[in-house]
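The values are calculated or read from the model by the stated rules, or taken from the named source; none is laboratory data. In this text the structure is predicted, and so the values were computed from the model without any measurement. Neighbour counts run over all protein chains shown; Cβ positions are idealised from the backbone, glycine included. These area figures cover heavy atoms from the full protein model, side chains too; ligands, DNA and RNA do not enter into them. Shrake-Rupley method; radii C 1.70, N 1.55, O 1.52, S 1.80 Å.
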Amino acid sequence: MGAREGTEKFRLLSAMEIFAEAPEAVATMDRLAPMVTAQRGDRLSDPSRRGGGLHFIKRGHVRLYALDPTGHEATVAVLGMGHVFGEVGSLAASPPDLYADAMDEVALCTLRRGDLEELLRQEPRLGLRLLEALSGRIRDLEEQLVALALQDVRHRLLLLLARLAAAFGDPAGGWASIDFITHQEIATMIGSTRETVTATLSGLARSGAVRTGRRQMWVNTAVVARLLNAAGREPR
DNA sequence: TCATTAAATTTCT
DNA sequence: AGAAATTTAATGA
């Protein structure tokens, strides 16, 4: 440590949950991984830019999605502070070609593959944290896969709201605030369309599950949980 | 039930 | 003003 301890970058790295038990790694990351910032809509990664290393999100939100030739998108993950994306996905099998866009003001640090291995040797506990994070991603994907196969749009939307509120919700008096997502983006997360999302959301608003504003939602997690339960028992 | 198409309306820059 | 985001409505699979 030393001269860099006071920098914005060092402070953001220290705040990342992954590094909670690995303070030594913060200094190494600070030395090896340059930080870049981006604005909403900026492309952070695309299929041609694979193998570009491991990206640590320090601020903001990133959407990973597939894009088909007709322009339709399917969102695979929405990631926030402390999450990683990039090289990890390709450690095992060959992943689908994904794009990564900034959803708001994003800051991230990128570690080249070789440097990642060095860091993991120095701080094995970091590997465990990474494994936990990736396991969580798999669990979310499995949940979403089942919902896509078996549930209607309303149920899938409720599920998404519950997950977004838990992951990113800024809770104030029982209402979790989410302010970086459009209806269009929600549609790509649940396999639906912008118009259907708007209609379904206003239905849920009438049920008291959400309040909506332009690029802003307040999710009542208690009501969402109750509606999910009720729907689960109803046959379709 | 929900995607698609079309159009109107609201809100941001 | 112009762009972006949201809303409503009609239609058909």
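When the Cα positions of A:Phe180, A:Leu150, A:Ser207 are compared along the charge dipole of chain A, A:Ser207 comes out farthest toward the positive end, with charges on each C-beta of Lys, Arg, Asp and Glu. The simple spin-label model puts a point 7 Å past each Cα toward its Cβ; for A:Asp68 and A:Glu8 those points are separated by 4.1 nm. Quick check on the stretch A:152-230: what does the Kirkwood estimate of hydrodynamic radius come out to from the alpha carbon pairs, in Å? Across the stretch A:152-230, the inverse of the average 1/r is 12.1 Å. Note on the stretch A:3-147: with neighbouring protein chains present and a 1.4 Å probe, carbon and sulfur make up 54 percent of its accessible heavy-atom surface. List the residues of the stretch A:151-180 whose backbone N lies under 18 Å from a point placed 7 Å from the Cα of A:Glu195 along the Cα-to-Cβ direction. The answer is A:153-154, whose backbone nitrogens lie closer than 18 Å to the label point.
A dipole drawn for the stretch A:3-147 from +1 and -1 charges on Cβ atoms has a positive end, and of A:Leu32, A:His72, A:Leu98 the residue lying farthest that way is A:Leu32. The HN-Hα couplings worked out from phi for the stretch A:43-58 by the Karplus form 6.51 cos²θ - 1.76 cosθ + 1.60 (θ = phi - 60°) are 7, 9, 6, 8, x, 6, 9, 7, x, x, x, 9, 9, 9, 7, 9 Hz, whole numbers, x standing for Gly and Pro. Scanning chain A for long hydrophobic helices, with DSSP H runs required to stretch 27 angstrom or more by C-alpha along their axis and to average at least -0.5 on the Kyte-Doolittle scale, returns A:124-150. Computed over chain A with a Gaussian network model linking Cα atoms closer than 10 Å, the most mobile of A:Val36, A:Val197, A:Val26 is A:Val36. Projecting label points 7 angstrom from Cα along Cα→Cβ for A:Arg50 and A:Ala27 puts them 3.7 nm apart. Shown for chain A is the translational diffusion coefficient from the Stokes-Einstein equation, using the Kirkwood radius over Cα pairs, a temperature of 4 °C and a viscosity of 1.567 mPa s: 68 µm²/s. Charges were assigned to the Cβ only: +1 to each Lys and Arg, -1 to each Asp and Glu. The resulting dipole of the stretch A:152-230 about its Cα centre is roughly 140 debye.
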